[in-house]
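Remarks on the structure that follows.
The values are calculated or read from the model by the stated rules, or taken from the named source; none is laboratory data. Note that the structure is predicted; figures quoted are calculated from it, not measured. Every residue, glycine as well, gets a Cβ built from its backbone with ideal geometry; the counts of neighbours run over all protein chains shown. Ligands, DNA and RNA are excluded from the accessible area calculation, which covers all protein heavy atoms including side chains. Shrake-Rupley method; radii C 1.70, N 1.55, O 1.52, S 1.80 Å.
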Amino acid sequence: MKTHPASRPAAVGHDDYSLVRVPDSARRSWISVAVQRFGQVSSFQQFMVGAILGYGMTFWDAVLAITIGSVLLEAITILLGVAGVREGLSTSVLARWAGFGRRGSALVGMLVAISLAGWFGVQNGVFAQGMHDLAGSPPEWAWAVLGGAAITAVTTYGFRTMAWVGYLTVPAFLLLALVSIVDALRHHSLGELIASDPPGEPLTLGAGVTLVSGAFILGAIMTPDMTRFNRRPADVVKQTLISVTLGEYLIGMIGVLLAHAARTDDVVGIVTSSSGLLGTLVLATAILKINDWNLYSSSLGLVNSIHVLTGRRVGRVPVTVALGAAGTLVSALGIVHAFSGFLTAIGMLAPPVAGIIIAEYHLVRACRPALDRARRTGAPPPDPADWMPRALVSWAAGTAAAVAGLGSAALTSVAVAFAVHAVLGRWSAGRGAAAAADPSSSPEPPPSPVPATSPKGP
């Protein structure tokens with residue numbers, strides 16, 4: 001039986017409105033959201049992206065690659081974020097109306113859940129390996145259990161607790177990373193590093209843009225999970241411009257300089273090995289402040305999928321604990337890296353989701369009347385159809401473009417899915433308008449039955 005997520009009251013505790021609209025009373029200041037967004041972007045992953053760029057590109061070519069990739073990512077992030085703040089819904093629940101239909105949104109939820117839970121395990125494995133290499137003991141599996149349990153505990157308490165963790169870990173990471181980086185670069189001239197040739201195999205501009213965009217495309221897709229707690233669209237614009245710009249440029253360009261200085265792209269090894277305890281703290285804060293959001297968005301996606309496929313409403317907290325335990329287990333067993341190829345492969349399915357939601361919500365707008373009425377009245381919008389064929393066609397087209405390696409895989413697949421969905425949506429709307437304007441194009445209704453004799457009055 002179809003049940004709308006808002007047809008029952010939200011779960012108590014720390015469910016964080018996993019299936020319903022976030023009410024105005026629960027919205028937060030844009031700074032509390034911006035800190036967490038900046039925490040996602042300014043991570044070791046961005047250091048590694050910058051280092052790979054610097055290893056294969058000159059400083060100024062790397063700047064150009066980061067600029068192009070960042071501008072396009074900001075556009076995608078803002079458009080998705082505005083939809084999130086207006087509707088107050090998570091990415092996978094929003095997908096029910098924004099292009100995919102009920103059961104289509106379950107596919108989106110499963111994709112997000114599997115991808116981000118997998119990366120939660122990968123990041124936790126990196127944390128465990130780094131801590132063991134730096135501290136020596138306890139064994140690596142113990143660090144994995146400790147790190148996974150800590151992040152799972154934080155994530156179960158939801159957005160508010162994650163915001164406070166962000167207030168602590170983001171400044172700590174930036175300060176510790178700055179000290180560590182100054183230590184690594186103190187024997188090098190900044191001018192010489194900027195003018196130096198790349199130490200590794202040359203990297204083309206297209207490959208550099210692909211690297212920048214692909215590293216954060218999942219973060220862009222999960223934007224509504226975060227911006228549903230914002231108060232107005234302007235907040236989304238401010239926090240995106242500040243966090244993505246600073247994260248990509250500040251952290252990315254430092255990674256470029258480190259690669260030129262150390263003549264290697266192993267920036268994690270540079271930062272941690274040269275800093276001892278300081279490197280340990282940098283690693284810990286870097287993993288914590290991004291991995292909680294991997295687990296959080298994964299749980300939201302799975303909650304939506306379970307609700308759609310079974311009709312049962314499960315709480316976000318037990319789902320978070322289950323996903324956190326699974327990710328912690330595979331990282332503790334040391335087999336998480338065996339899934340890296342699988343995660344990369346299914347990652348090709350993710351970018352088209354962004355293009356479809358953006359096209360449907362902002363351009364086709366078939367969903368907007370129902371969502372607008374629901375927002376005004378406070379009543380849940382009517383259930384959409386189970387499947388939206390044009391979304392499936394657009395999804396397949398975008399994925400095919402990514403597999404074919406056309407241009408920047410992530411950005412190309414977003415653009416192709418957006419274009420195909422927009423064209424199909426406009427064509428469908430045009431056909432509907434033509435049918436409404438030409439009654440002869442529709443079959444005439446059968447005549448109403450006429451009684452053989454007129455009814456007699458009393």
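A few notes on this one:
- Nearest 10 degrees, 0 to 90: helix 101-135 Cα axis against the chain principal axis: 10
- Rounded percent of accessible protein surface that carbon and sulfur make up, the chain, 1.4 Å probe: 69
- Filtered trypsin sites (Lys or Arg not before Pro), region 46-155: DSSP coil and at most 11 other beta carbons within 10 Å: none
- Among the trypsin sites (Lys or Arg not before Pro) in region 185-243, those located in a DSSP loop and surrounded by at most 16 other Cβ atoms within 10 Å of their own Cβ are Arg186, Arg231.
- Per-residue [θ]222 nm for the chain (sum of -39500 (n - 2.57) over DSSP H runs n ≥ 4, rounded to 500): -23000 deg cm²/dmol
- Net charge over other residues, Cβ less than 15 angstrom from the Cβ of Gly252 (K, R count +1; D, E count -1): -4
- Angle of helix 159-185 to the longest C-alpha principal axis of the chain, folded into 0 to 90 degrees and rounded to 10: 30°.
- Solvent-accessible area per residue, Å², over region 1-159 with all protein chains present [probe radius 1.4 Å]: 34
- The fraction of Cα-Cα pairs per 10 angstrom bin, counted from 0 for region 1-152, comes to 9, 24, 32, 25, 10, 1 percent, rounded to whole percents.
- On Cα atoms only, tilt of 389-403 relative to the major axis of the chain in degrees: 20
- Projected area averaged over orientations for the chain, convex hull of C-alpha atoms, nm²: 27.2
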